[in-house]
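Before any comments, here is the structure.
Bear in mind that the values in this text are calculations on the coordinates, not laboratory data. Keep in mind that this is a model prediction, so the values were computed, not measured. Methodologically, a virtual Cβ is constructed for each residue, glycine included, from the backbone with ideal geometry; neighbour enumeration extends over all protein chains shown.
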Amino acid sequence: MDEMAWVWIGVIVVSVFVEWMTQLQLITIWSAIGGIVALILDLCHVDIVVQFIVFFAVTIVLLLLTRPLAKRMIKKVGVTPTNADMNIGRKGKVTKIIDENMKVFRVRVDNCDWSAVTENNTLLPVGTEISVLRIEGVKLIVEPVRQTAETTAN
């Protein structure tokens with residue numbers, strides 16, 4: 001084996017190791033496959049420039065074509081649902097404005113007090129009824145509840 005074969009083997013090993021360290025987030029596996037193709041070309045005595053072009057082409061094409069599909073098909077590693085996830089879809093009320101500039105306020109949902117923001121970064125006044133969209137860290141992402149004419153008439 002010539003020295004370029006060792007370079008491609010190194011690329012493959014490092015790519016697989018980095019992929020393993022990132023808990024299979026499909027970041028570098030494509031360069032490992034590109035390295036395998038380049039290694040095969042090297043063993044067939046193809047010019048080094050062609051090896052590099054094919055390596056980058058295979059890596060980029062695989063990344064663009066397969067990563068979005070693969071990300072949808074695999075489960076997210078390390079995501080553990082918590083009891084807080086039960087708040088998604090629940091209703092509550094804005095109880096206090098914390099920071100007008102940052103558009104952060106307090107809400108009460110099922111007798112629990114939360115820090116909250118809206119998805120479009122708007123400040124909701126105290127007393128606004130909200131619905132929980134999702135949780136990011138320790139903050140609820142909320143939206144105001146749309147009240148119908150029938151609800152406001154009562």
Please arrange 49, 13, 37 by how many other C-beta atoms lie within 10 Å of their C-beta, fewest to most. 49, 13, 37
Contour minus Cα-Cα distance for residue 47 and residue 123 (0.36 nm per residue): 21.2 nm
Straight-line reach from residue 93: which aspartates and glutamates have a Cα under 17 Å away, not including same-chain ones fewer than 8 places off? 110, 113, 119, 129, 143
